[in-house]
Each structure stands twice: as C-alpha cells, then as structure tokens.
Amino acid sequence: MPVGRTAPAPPAPGTVLPDTPTPGPAPGRGPLRREGPAKLTGTALYTDDLVFPGAWHGATIRSTEARARLLAIELDPAFDWSKVVVVTAGDIPGPNIVNSIQDDQPILATDEIRHHAEPIVLVAAPDRALLRQAVGQVIVRTEPLAPVLDPLASDRVFVHYEIETGDLAAGFAEATLVIEGEYRVGHQEQLYIENNAMIAVPRADGGVAVHGSLQCPYYVHNALKRSLLLTDEQAQVVQAETGGGFGGKEEYPSILALHAALLARACGRPVRMIYDRHEDIAATTKRHPAVVRYRSGVAADGRLVAQDIEIVMDAGAYCTLSPVVLSRGTLHAGGPYACPNVRIRSRAVATNTPPNGAFRGFGAPQTEFAAEMQVNRIAEALGESPLDLRRRWLYRPGDTTPTGQVLRESVAAEEVLERAAEAAEFERVRARTAGDRAQRGPDARSAHGIGLALAWHGAGFTGSGEVHLASVASVELTADGRLVILIGSTEMGQGTKTIFPQLVADALGVPMDDVEFAPQDTALVPDSGPTVASRTAMVVGGLVIEACRRLRAVVEERSGGPFADTYRADAGTHGATRIDQHFRPYPGVDFDDTTYRGDAYPAFGWASAVAEVDVDLDTGEVAVRSVVAADDVGRVIHPVLAEGQVEGGTLQAVGYATIEEIKLHDGRYLNDRLATYLIPTALDAPRISTILVEAPFSGAPHGAKGIGELPMDVGAPAVVAAIHDATGVWIHDLPASPERILAAMDTLVRR
Amino acid sequence: MIEPPLVSPPTLADAYRLLAESVYRPIAGGTDVLVQLSGQLGPPPDRLLDLWRLDELRGIELDGDALVLGALTTYSGIRRSAVCRDLLPALVEAAATVGAAQIQNRATLGGNIANASPAGDMLPVLLATDATIVVGSIRGERSIPARSFWTGYRQTALRPDEIVIRIRIPLVADRQVRFRKIGTRRAQAISKVVVGLSWVAPTSGSPWRTVRLGLGSVAERPIRVTATEAFLEGRLPTPDTAAEAAQRVAAEIQPIDDVRSTADYRRAVTARVLHRLIREAGSW
Ligand SMILES: Cc1cc2nc3c(=O)[nH]c(=O)nc-3n(C[C@H](O)[C@H](O)[C@H](O)COP(=O)(O)OP(=O)(O)OC[C@H]3O[C@@H](n4cnc5c(N)ncnc54)[C@H](O)[C@@H]3O)c2cc1C
C-alpha cells in the first residue's frame, strides 16, 4: 500500500511503530532519529571533535601539475627537520597501493604524477604553525609531461562492457523513426556537510587505530592491513559521527587513513588529518563525467524496436570504483523500457584529472538522464504525450531486460508513473503550458514548463557482487541481558541507527528502546559489507531480521515463553547468545559477470518525477518550482526518513540539472571552494511532494529494496524536460545552465 | 589560517593615528577579509585594524538633499531603514541580494566599497546614483566621486592611511533608480552581472535626463557605460530606444569568461536586462 506525504496515511504494513512512548513524530511517521538529539544539541562527536592528547597535525603536499615526472623531493636544509616528520613513498612498509578494484593508485606518487591533486609527500608537526612552515620548505622537482584531458581522446581504457540482445540491424530496418542524440554530463561534487577527516592513533601492538568520517569501515581496514602489513587485530577502524557521505566517503577514506597512519607511525603519536573544504573539493572523488550517445528506432506502430547506446565515462587518473560505476551505468542505460534489439557499449577511460568515484546513483544518473532525454525527444518527434509514450513502453512484469533478466516481481514502473503524473496533474498542466507557449510573444519575460521522467534502479550490489561480499550481520543477547545489533553498516545521516533497532524490535517483539547498536568499530562488529548502493536496509536489514528470527527461536525454545518476557532470564541462565547471519544468494537470481547475461539485480526500485519550472527568458535563469516524486522502495520502514531521502535526493538532482558544475583548466578544478562550487540553497529548493510506493521484494524478509539513490536518477531529466516545455529548446548537456539555455534560445530564434 | 595581530581602536582619532604610524589592513565585518585569510587568497596582511568599535562610522541619516550612510552600515541596517526604503528603494533591493541573513547582519557597505570587487553588488547602485565616497585620515577628510573611486582590478583611490568613513548619495527629484542582479542561485551568489540604472524624468512621458548606467562583473572593476548613457540621454523609453541601447551596451562592454560565467552570456544578459528595464519604464 502506498504511503502519501500530503495525505497522512495509516501506517503501511510492515511499518514498525514504537511500542514505548518514545517522544517522536505522530504515529505512522516513525520514531525519532536515534542520533538526532545529539546532533541537534551539538554533543555528537565528529572526527574533528575527538581529542587525542599529544596529537600532531598532518598535511599532504600535492602535485600542482596534471601530469609530470617526479624527479626529486628536497628538504630545505635551513629548516630544522628534527621537529617534524616527513613521509614519502619509500616509508610505506607494504605495497604502495590504495587497495581497491585495480592495483593502480599509489598512496604517494613515486615516478609519474597523474593528476593535479596527487599526493606526493606527507608532513606532520606538533602544531599548525610549524606544520605550515615545514610544508613551505619541501621542494618537489618535476618535469612536465603532456596530459590527456579529453576522455574521448584517451586510449587508456580501465574497463569496457558490451551488452547485446536481439538483432540491432533488423530493429533499425523495421524503424520508421530514428532519433540520435549525444548527451554530456559533468563532474558533481558530493558536498557532504563534514569534510573528509581521519585521526590515526598508534596501537601498543604495533598496529594502528583510525577514527574517521567514513562509510565503509572494512574497506579502510583492508587498505591498512595490506599496505602497512598489519594483522586483522592490528588494524582497527572506528567510524566517528559522519556528516554525510553520498558515496564520497566510500573509497576516499582509505587513502586518507593510510596517510594519517603513515604519519602516526613516523612520529609515534596520534596524527589528525582534517581536510578543509578547499582540499576536500580539490582532491576527493566526484561523480564521473560522461558522454552518452544514443540511436533509437521506433516502428510505425510506435514500438521501440532498436537502441544502440555508447557510453564513455571519464574515470580520472586512477581506476578506483569505475568498473562498478560503469557497470551500473551500462545496465541502466536502456531505461525502464522494453526493447527487443539493444546494444550497449561502454568504456571508462583515464584522464589526467583527479580520480572520480562513487556518488549517489553510481553511474545510473548519467545514463538515465540520456535515456530519458531520448524518450522525451522521441515523444516530441511523434507528436505524442511523453506520458502516453512511457505508458506504452515501460517494463511490466514478465518483460525481459537487455541482459536477459525476466522481471518476475516487484515491478512498479507503471504505478510510480501513474501516481506522479496524477498527483502533478501532468496532462492538465502540459496542456496549459502548450497554450501559453503558442500565445507567447517575443518579448515575454518568463515561461512556465512541466517535465516528466521515469527510471529504474537495481537494488543492492550489481551482478554477483553480493555473493562476493559475503556479508555477515549479527545480533547478540548479551550475558547481562541486553540486545545488541552488530553490523559494520554506518550511519551518515540516512537513518541506519534508527531503522535497524526498529527492524529488530519488530522481529523480536520487544520495545525499540531495548535494542542497542554496537559502535562501528572493526574490533567489535563483523563485515556486513559497505554502506553503499542503497543496500543497507534491503540486504543487511534482511540479514538482521533473519538473525533475530533465529535468536527468537533459540530463546523461545529454551524458555517456552514469548521472547520479550523471557530473554533477560534466558541470558542469566545460558549466558550470551550471538547469531551470525551470513548472506545467502537470493534464490533464482543468477548473473554471469563475463557475458553480462542474467539477473543483473535481485530486484529494481522504480521512480518517477514531474518537475515544474519557471524560466526567465531574459537571463535563462531557471527556478524549479515543484517536483512530485513517486518512488517504489519495496517496503517503507520509516516514513519520515524515507521522505527525507527522496527530498534530499531530489534536491541534489535539481542541483545536478541546473547549476552544479566543475570547471576545469589544464586538468585542475577551477571552482574548488564553496564560493564557486554552488549547490541549491533553501531558496532554490522546489516544493517537493513525495509519494512512497510499496512493491515488496520477496527475497528480503521485510520486502525493502532501498531508496537512497532512486530520486537521483529522475530529477535531472524531469527538470530538463520542463525547461524544454517552457522554452522549446533541448539542453543536451548538464547542467542546463542559463548560459546554455540562452545560447540555445538564440539559435532557435535565428532559425 | 594565519591570524595576523589585530588592534581595536576605540575612536576614529585613534584609528587615524595608528594608520599614520604603520600599514594596517582595516577589517569591518570581516566577511571578505576572513575569506581571503582562510582561503590564503593573496599574501596575508601584517596587521589588522578593527573598525567595528568606531561608532562614528555608523548611522543612516538625511543631510539636506543627500542620504548619508556610515561606512559600517550593514545590509540589515539598510534593509531595516525606513529612510532608505522611502527615498532609495533600489539600495534596499540591492542590499537584500547580498549573501544571506548572516552576511547581511555583519557585512558593511564600506567593506563592499573598499574591497573593490568587480562583482560588489552595491557598487553599480552607487555609480548610478552619483554617490560620493567620503574618506578620512589623520590629514583630514576628502570626497571621492564613485565614478573615480575604483581605479583598476581591486584597486581604489584610497591612500594607505585612509579609510572609508561614509557614503553620500544625493537625492534627486524625479529620479528613478533600478537594480538587477544575475547570480547563479537565489542567495549566497556572487554576481554574473549587476545592473544599476537611473534617470530623471518628471513623468513617464518625459525624455530621460541625467542617465546613469553602472555595471558590475563585466569589467575588471565596476564601471559606468558612458557611451550608452549618452545615447539614452534625452530619449523616451520607446521600443527603438530599448533595441538601440541594448545593442550599444553590448558593444560597449568587454566582459570575460571566468569560473562564474562566460563573456557571451554577460554581454547578452546585460543587453537584455537593459532592454527589459527600458521596456518596463515605457510600459509597452
Ligand atoms: C558567504 C558570503 C556571501 C557574500 N555575498 C555577497 C554578495 O552577494 N554580494 C556582494 O557584493 N558581496 C558578497 N560578499 C562579500 C562581502 O560580504 C561584501 O563585500 C561585504 O560588503 C564586505 O563588508 P565587510 O564589512 O565584511 O568587509 P571586510 O571583510 O571587513 O573588508 C573588506 C575589505 O575592505 C576593507 N575595508 C573594510 N572597511 C573599510 C573601511 N571603512 N575603510 C577602508 N577599508 C575598509 C578591508 O581592509 C578589506 O580589504 C559575500 C561574502 C560572503 C562570505
């Protein structure tokens, strides 16, 4: 049953309400966020709030060139180097590699410098003034090399994919309308509130503990073990309160933790590395820029009969997560539409720019923007409503995707589309804007437009990813009768710490306040996989529920009474009981990573958005007035947090669509400060109405499919379609900036 | 961030004396100075001179036929001022576009003037209204017309020992003043183009006299486009006037491509906004 935002709906089935009078929102809205009061009152401890007596401050000396040969690192002899420590690549005990998918990214550059922000030397000092002086006395000698900056000109391919189904030539032969398009999207910065931050503390056993702002404790753990030659115990990773991630703290914390740990080993003290915003924007990962080309064929009867798609993603200097980002982008490129003949070819290439990485949506927003632009342009060419066209083409249960996956269940494309269109009165407003457009004179001051988009988003890791991850989640009834959730999954503002106690309370039949959450410390919790890919509620949530069911059965069998009444006494008698739940492949889900055939995802989430904009015809400025977002998340666990995800994701998509843009010069980001990299403010935010749709996934015990990334896929194409509806121009490149809109309108007038 | 030593003189006379003795960077609201210090934009000053305690530099008052604003007047102060709202609403409009509430509470008009950014939002209004910048030092006071105050990229006519003490804006009968700011977003945005336009006309059917067109973000400093002004002088706000003025202003400016926008956009938007303002004045 769908849960609406505007109409206060009764609690959805499966929505867990607090049994105790916890202060919180009205019934059905979910309990208060667990960590909310501490954050609101300023008592939550973020990395920079943590005090380690005697800690030194660390700094990174980076390249100032996009590509160069590193000739020498010289320390000015006039400076007293005994007061500080300096670390270069030679000081790394193990491999000089940041552990990731490929072994290509060095912790510190040795020979070739491959991007503008590449770390070369690390320095730590007891205070910031001395640190600044020391940094100023390090001389890096280099010899410039010619950089590769255009991804289309790059011949270094990190990874490529090809998906083919049906007979493309036959499809185009049948087509009576062929639409081609090339779409470009640029970098996007995550701009979490808290910058990347890490403190490394030497351990008595020769290892190191790091405390930091991060999404994936075990990624960092593996990186430390490998390059510092540590055992599982010697490497300890503790997540501090984390002020947002959006993917920007998925992989980057590994290199930062290595830097801090190397300095801590060198000086034998805790070392703090807290990036300021400038360093954070200049050096950390962004959303991959992409060039996406489409050729789509439509038959005389209006069926989509052929799609030929080519994707080039700019990975930046190192591979990082590009193979999986590209994979997701490739698998979603066809959009949520049935088509018998499809070819999708994609590659991620190297350029001499800082490496790109994970960002909410993970490759899908890039290709789905392009896919939706195609659909809207085809609708225009056919003279058909973009809503009607989607109604004909969208996936329904039983349809087959380009990888041969049969969509057996949990297919809500139609429902999200219809609900968004209905709530936004899409056709009525579209008729009105068409009338306005027809009557508008050349001197009109502004124009109103409406646009629609539809998307799908694979739930959980791609392909056999979840099988390889082999996640473990645990629930423990402690000897003193407490209930503790043990997972490595992190809270970064999205609600992990609130929904997991909810799920456990529901599964065990106990009040939510009786459920504790163990700290995200690799010394205490198992590896439940990274907190990415909107997988936590679905995959880890499922494991925790299974663990609870087992725990409940064990205790109830021993006690003969209901769990809630007997577990404390049970702990007194039997001591601690801990259940470790291991991931088991979803039944019937099978994917071949080499041929790219099969079930790319166990299930998909579905999203639709309708945006309305006003465009200032003098200046090309766009005001996004409203977005109606309908998102199918399988099962709503916490309505307020779910709506928060949709609202935040929608606003991030509005920024992506209209103003967010990294400008580069010679491979360096020009706008690497908050004064120049702009995201929407509260005044720029549209009115967002959220409709939560529930098409449960049977493979997860609670039916949830994840939500975080869905809204990011639809916002930009909906806004750009609305700009077209207002102005008559198509903006093929994101962001649809006033500069691009005005230029396109000029061309339209001249034609 | 390097934090230079700071002195806070209690009176203007003390401030003048200190400035006569050695070189200080004045700091008023600090909303530019602190960004420059923390971002390490340019070499840090050796010493800061805090102006915040100098109440002599505060206050908004009517002095004969002029509006006089102390250098420490904040944007919130301008927005709250009934005198400004009644007599120079364009100044209030401009103040309302600067940063957002926190910045408006702290940032000063004097700071905007002395900072001399080509994108300073208040500066085109001061150009369009023939404002005078009154500066002072131990040697006394002098008045500098706005049109000769900004001399180059972030350069002013201030001597090293001088500070801005007040701004004098003549109030002219039958004068209309218009302001438009084009930024990337609706708050906290540095301008892509700023337009301040004024003219004198007793009725909407009278020809325009004393036309002033001040522009920001289209040159290395805030400028007046005197050729376009001369064209508009004596004309009625007709469609022909608007079309011709738009073309002329586009030809008169040489904006650049930078991180915020492009030369083409700036030129086109300046022309279109001017066209729109003339059209609105002519009510056609
Ligand atoms: C988040 C943010 C948003 C902003 N948004 C805008 C905006 O929208 N539009 C805009 O125009 N600006 C904007 N600014 C810039 C800034 O707020 C304005 O320029 C402001 O008017 C500066 O005033 P201040 O008192 O803070 O100056 P300060 O930072 O104290 O000083 C600025 C400069 O002027 C000098 N100075 C200050 N007062 C005097 C004086 N009386 N005599 C001589 N020299 C003096 C200082 O030495 C310094 O060089 C923004 C700044 C920030 C941080």
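The values are calculated or read from the model by the stated rules, or taken from the named source; none is laboratory data. What you see is a predicted model; the values in this text were computed from it and never measured. Every residue, glycine among them, receives a Cβ derived from its backbone with ideal geometry; neighbour counts consider all protein chains shown. Calculation scope for accessible area: heavy atoms of the full protein, side chains included, ligands and nucleic acids excluded. Shrake-Rupley method; radii C 1.70, N 1.55, O 1.52, S 1.80 Å.
Couple of notes before you dig in:
- Looking across segment A:230-241, just one residue is touching a Ser or Thr at 6+ places or on another chain (Cβ under 7 Å), surrounded by fewer than 24 Cβ atoms within 10 Å (Cβ to Cβ) and of a type in the set (S, T, N, Q), and that is A:Gln236.
- Selection status of B:Asp46, more than 11 Å from the ligand (Cβ to nearest atom) and in contact (Cβ under 8 Å) with a residue 40 or more places away in the chain: yes
- Checking B:Arg186 against (1) basic (Lys, Arg); (2) surrounded by fewer than 22 Cβ atoms within 10 Å (Cβ to Cβ); (3) away from chain A (no Cβ under 14 Å), the condition it does not meet: (3)
- Residue count for segment A:616-632 under the criterion of being in a loop (DSSP other than H, G, I, E, B) and out of contact with any helix residue (DSSP H, G or I) (no Cβ under 6 Å at 6 or more places or on another chain): the result is 1.
- Every residue from segment B:1-17 that is under 27 Å from A:Tyr275 (Cα atoms) and away from the ligand (no atom under 12 Å from the Cβ): B:Met1, B:Ile2, B:Glu3, B:Pro5
- Residue selected from segment A:546-570 under the condition of a type in the set (A, V, I, L, M) and open to solvent by less than 10 Å² (accessible area, probe 1.4 Å), by the criterion farthest from A:Asp480 (Cα to Cα): A:Ala547
- Failed item, numbered, when B:Phe231 is tested on (1) out of contact with any Phe, Trp or Tyr (no Cβ under 7 Å at 6 or more places or on another chain); (2) facing chain A (nearest Cβ under 10 Å): (2)
- Boolean, A:Gly649 is open to solvent by 10 Å² or more (accessible area, probe 1.4 Å), assigned to a helix (DSSP H, G or I) and more than 14 Å from every other protein chain (Cβ to nearest Cβ): no
- Exclusive hit being under 18 Å from A:Leu230 (Cα atoms) and assigned by TED's automatic domain parsing to the domain that holds A:Leu230, set A:Asp91, A:Asp104, A:Asp111: A:Asp91
Condition check ((1) more than 20 Å from A:Glu647 (Cα to Cα); (2) more than 23 Å from the chain's Cα centre (by Cα); (3) in a strand (DSSP E or B)) across all residues:
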{"position": "A:Val416", "(1), (2), (3)": "no, no, no"}
{"position": "A:Ala421", "(1), (2), (3)": "no, yes, no"}
{"position": "A:Glu427", "(1), (2), (3)": "yes, yes, no"}
{"position": "A:Arg430", "(1), (2), (3)": "yes, yes, no"}
{"position": "A:Ser474", "(1), (2), (3)": "yes, yes, yes"}
{"position": "A:Met492", "(1), (2), (3)": "no, no, no"}
{"position": "A:Lys497", "(1), (2), (3)": "no, no, no"}
{"position": "A:Val504", "(1), (2), (3)": "yes, yes, no"}
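- Options A:Ala260, A:Ala204, A:Ala170, A:Ala223; residue that is under 30 Å from A:Ser296 (Cβ atoms), among the small types (Gly, Ala, Ser) and not in a strand (DSSP E or B): A:Ala170
- Hits in segment B:143-175 (condition: open to solvent by 70 Å² or more (accessible area, probe 1.4 Å), away from the ligand (no atom under 11 Å from the Cβ) and either within 14 Å of chain A (Cβ to nearest Cβ) or assigned to a strand (DSSP E or B) (or both)): B:Ser143, B:Thr151, B:Gln155, B:Arg168
- Residue match in segment A:116-128 (condition: surrounded by fewer than 20 Cβ atoms within 10 Å (Cβ to Cβ), within 14 Å of chain B (Cβ to nearest Cβ) and not aromatic (Phe, Trp, Tyr)): yes
- Residue within segment A:522-529 that is open to solvent by 10 Å² or more (accessible area, probe 1.4 Å), outside any loop (DSSP other than H, G, I, E, B) and at pLDDT 95 or above present: no
Here's the yes/no breakdown for (1) under 26 Å from A:His732 (Cβ atoms); (2) modelled with pLDDT of 95 or more; (3) outside the structural domain of A:Gln307 (by TED's automatic domain parsing); (4) surrounded by fewer than 18 Cβ atoms within 10 Å (Cβ to Cβ):
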| residue | (1), (2), (3), (4) |
| --- | --- |
| A:Glu368 | yes, yes, no, no |
| A:Gly398 | no, yes, no, yes |
| A:Glu415 | no, yes, no, no |
| A:Ala421 | yes, yes, no, no |
| A:Pro442 | yes, no, no, yes |
| A:Gly449 | yes, yes, no, no |
| A:Ala455 | yes, yes, no, no |
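- Test result for A:Tyr275, within 14 Å of chain B (Cβ to nearest Cβ) and not aliphatic (A, V, I, L, M): yes
- As a summary of the residue check, B:Arg58 satisfies the conditions (1) surrounded by fewer than 17 Cβ atoms within 10 Å (Cβ to Cβ); (2) more than 12 Å from the ligand (Cβ to nearest atom) except for the one numbered (2).
- Single condition B:Cys84 does not satisfy, out of (1) more than 11 Å from the ligand (Cβ to nearest atom); (2) touching a residue at least 24 places away in the same chain (Cβ under 8 Å); (3) surrounded by 15 or more Cβ atoms within 10 Å (Cβ to Cβ); (4) over 21 Å from B:Pro145 (Cα atoms): (4)
- A single member of A:Ala547, A:Ala533, A:Ala537, A:Ala553 is of a type in the set (A, V, I, L, M), under 21 Å from the mean Cα position of the chain (by Cα), under 30 Å from A:Ala603 (Cα atoms) and in a helix (DSSP H, G or I), and it is A:Ala537.
- Residue check for B:Gly110: open to solvent by less than 40 Å² (accessible area, probe 1.4 Å) and outside any helix (DSSP H, G or I): no
- So A:Ala257, is it closer than 16 Å to A:Asp91 by Cβ and either open to solvent by less than 20 Å² (accessible area, probe 1.4 Å) or under 15 Å from the mean Cα position of the chain (by Cα) (or both): yes
- Leading residue by the ranking (nearest to the other protein chains (Cβ to nearest Cβ)) among those in segment A:693-719 that are open to solvent by less than 10 Å² (accessible area, probe 1.4 Å) and within 21 Å of A:Pro501 (Cβ to Cβ): A:Lys705
- Residue match in segment B:226-247 (condition: under 18 Å from the mean Cα position of the chain (by Cα) and part of a loop (DSSP other than H, G, I, E, B)): no
- Every residue from segment B:18-42 that is among the hydroxyl-bearing types (Ser, Thr, Tyr) and more than 6 Å from the ligand (Cβ to nearest atom): B:Ser22, B:Tyr24, B:Ser38
- Every residue from segment A:379-392 that is surrounded by fewer than 23 Cβ atoms within 10 Å (Cβ to Cβ) and touching a Pro at 6+ places or on another chain (Cβ under 9 Å): A:Ala379, A:Glu380
- Some residue of segment A:310-317 being assigned to a strand (DSSP E or B), touching a residue at least 40 places away in the same chain (Cβ under 8 Å) and over 20 Å from the mean Cα position of the chain (by Cα): no
- Residue ID - nearest to the other protein chains (Cβ to nearest Cβ), chosen from residues in segment B:101-137 that are near the ligand (Cβ under 10 Å from one of its atoms) and charged (D, E, K, R): B:Asp121
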